[in-house]
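Read-outs throughout are calculated quantities, based only on the coordinates presented, and are distinct from any laboratory measurement. This one's a predicted model, so the numbers in the text were calculated from it and none came from an experiment. Cβ atoms come from the backbone with ideal geometry, glycine included; neighbour counts cover every protein chain shown.
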Amino acid sequence: AKNSFIIGDMPFLSYQVNVEQAVENAGRFIKEAACDCVKLEGGSDMANVVKAIVRAGIPVCAHIGLTPQTATMLSGFKVQGKDAEGARELVESAKDLEEAGAFMVVMEASQMQGRGHGW
């Protein structure tokens with residue numbers, strides 16, 4: 001894929017254990033898989049990891065909403081952000097991840113009801 005932008009999906013537990021390991025694994029992934037950026041799942045709780053990876057010079061795509069790697073913690077694959085509070089949490093996560101340096105945020109299977117309420 002010479003002219004394609006390749007996003008490497010960080011495997012489960014390759015970035016959740018600690019920040020140092022996350023940066024090391026992201027760097028290894030970029031080098032060995034020849035991808036252009038890494039993608040990791042998680043909301044505001046992953047902002048510190050995103051920030052460290054970006055600080056190391058690696059572009060990060062964040063993934064919020066339905067996150068398949070942790071779907072079992074959510075009682076299966078369920079739409080996220082179905083009520084106002086859930087929608088607010090997703091928006092806050094997106095903002096936190098952007099502030100941490102993520103250049104893109106994927107929001108999967110989210111139902112953002114209540115549009116036009118300032119969030």
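Computed quantities for the displayed model
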read-out: Percent RCO, i.e. relative contact order, over the range 17-68, from Cα pairs under 8 Å lying at least 6 residues apart; value: 40 percent
read-out: Sequence ranges 3-14, 32-43, ranked by mean other-Cβ count within 10 angstrom, highest first; value: 32-43, 3-14
read-out: Phi-based couplings in Hz for the range 31-40 (Karplus 6.51, -1.76, 1.60; Gly and Pro marked x); value: 5, 7, 9, 6, 8, 8, 7, 10, 10, 9
read-out: Computed lengthening from residue 32 to residue 6, 0.36 nm per intervening residue step minus Cα-Cα distance; value: 8.1 nm
read-out: Amide hydrogen neighbours beyond the local backbone of residue 39, cut-off 5 Å, H modeled; value: 8, 9, 10, 61
read-out: Mean shadow area of the range 1-57, taken as a quarter of the surface of its Cα convex hull (nm²); value: 3.9 nm²
